[in-house]
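What follows is a short report on a single structure.
The values are calculated or read from the model by the stated rules, or taken from the named source; none is laboratory data. Because the structure is predicted, anything quoted here is derived from the model rather than measured. Counting neighbours? That spans all protein chains shown, and the Cβs are built from the backbone with ideal geometry, glycine included. Accessible surface areas use protein heavy atoms only, side chains included; no ligands, DNA or RNA. Shrake-Rupley method; radii C 1.70, N 1.55, O 1.52, S 1.80 Å.
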Amino acid sequence: MSSPTSVHIRGEARRMIQDFELPGTDGGEITTYRLSEYTDRGAVVLVFYPFDFSPICTEVLCDFRDAQWLSLTDGIDVFGISRDSCYAHKRFAEEYGIPFPLLSDTQGEVVEQFDLIYDEWENHKGVPKRALITIDDEHKIRYKWETDDAYDSPSPDELHDTIRSLTNGGE
């Protein structure tokens, strides 16, 4: 579903990223998630998206939920990130059965670290762009998919590609 505004970057010069900590929920308790706690034991896929409950975001996150091969992949954790509150994330995860944690970047610091901010989208400033980023166990970006069009969305195949980039040594 990629359009001309989509960008695929393999490696992004294997840029080292800063550790971060955000509140989040998997639909249960609200807790704090630190990136390094997960990259120390394997790889991480970050799924950036504009808003919980928006039609396109709901569709995309439910597609990832339904990607059965995702639950069979050892050593890789998936996190959704938007600027919504943990309370919105909790309700969204419960309502749609999202099986991975949704993190709340209310200040936009993580979104900014990855340069994934719309100046304005549908009268909202600082909204995260839709993107997929894989980070390996050395805290380096291995794969990045982003788009300037919030209505453009990666297919589950894009997420599968990010998984393969980690399990196949980035090939």
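Points to keep in mind about this one:
- Per residue, the accessible area of region 26-145 comes to 45 Å², computed with a 1.4 Å probe over protein heavy atoms only.
- Nearest-0.05 FRET efficiency for D40 and H160, computed from C-beta distance (R0 25 Å): 0.55
- Vicinal HN-Hα couplings computed from phi for region 82-90 (Karplus, 6.51 cos²θ - 1.76 cosθ + 1.60; Hz; Gly/Pro x): 9, 8, 5, 6, 4, 5, 5, 4, 4
- Length gained on full extension, I30 to Y87: 19.7 nm, using 0.36 nm per residue less the C-alpha separation.
- With each label modelled as a point 7 angstrom along the Cα→C-beta vector, the F20-D137 pair spans 2.4 nm.
- Backbone phi angles across region 101-114, fed through the Karplus curve with coefficients 6.51, -1.76 and 1.60 (θ = phi - 60°), yield HN-Hα couplings of x, 10, 9, 9, 9, 4, 8, x, 5, 6, 4, 5, 4, 9 Hz in residue order; Gly and Pro are listed as x.
- For the peptides 74-85, 43-54, 20-31, the ranking by mean Cβ contacts within 10 Å, running from highest to lowest, is 43-54, 74-85, 20-31.
- Modelled FRET efficiency - R0 25 Å, E94 with D66, Cβ distances, 0.05 increments: 0.90
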